[in-house]
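Presented below is the structure to which this report refers.
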Amino acid sequence: MLFEALGSALLGLVLAWAADRRLGHRLPARSLVLATGVAGALFGAFVTDSAFDPGTVLLVLLGAAIVSAASVSLLLRPSGRLRRRQAPA
């Protein structure tokens with residue numbers, strides 16, 4: 001259980017770091033992104049471990065990665081390339 005939690009936290013940190021490196025211009029402060037990635041991974045590991053039998057480490061890490069990526073994706077801001085047309089008054 002301890003190794004699953006540590007592995008999930010490390011996986012969430014790596015995913016959040018990669019997202020920050022790739023999409024840094026569309027994300028808020030780095031500390032928020034990293035904390036969200038780790039928290040999402042730990043929550044995903046908890047939910048996956050609760051739903052399935054203990055001992056399925058790869059499944060727990062997969063659940064952690066999915067929830068971590070979903071959590072970090074909620075922080076994304078729209079890119080500046082969108083042009084909205086104003087409706088005539």
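Before moving on, here are some points about what is shown:
- Computed over protein heavy atoms with a 1.4 Å probe, the accessible surface of the chain works out to 73 Å² per residue.
- Inter-label distance, nm, simple model (7 Å from Cα along the C-beta direction), residue 57/residue 32: 3.6
- Residue among 11, 74, 59 with the largest mean-square fluctuation in a Gaussian network model of the chain, springs linking Cα atoms under 10 Å: 74
- The C-alpha atoms of the chain occupy a region whose extents along the principal axes are 61, 25, 15 Å, arranged from largest to smallest.
- The chain, accessible surface, carbon-and-sulfur percent (1.4 angstrom probe): 67
- The chain: relative contact order as a whole-number percent, Cα under 8 Å and 6+ apart: 36
- Computed helical MRE - 222 nm, the chain, DSSP H runs ≥ 4 contributing -39500 (n - 2.57), nearest 500: -23500 deg cm²/dmol
The values are calculated or read from the model by the stated rules, or taken from the named source; none is laboratory data. On a predicted model such as this, the values are computed, not experimentally measured, just so you know. Positions of Cβ are generated from backbone atoms using ideal geometry, with glycine treated the same way; all protein chains shown enter the neighbour counts. Note: areas computed on protein heavy atoms with side chains; ligands, DNA, RNA excluded. Shrake-Rupley method; radii C 1.70, N 1.55, O 1.52, S 1.80 Å.
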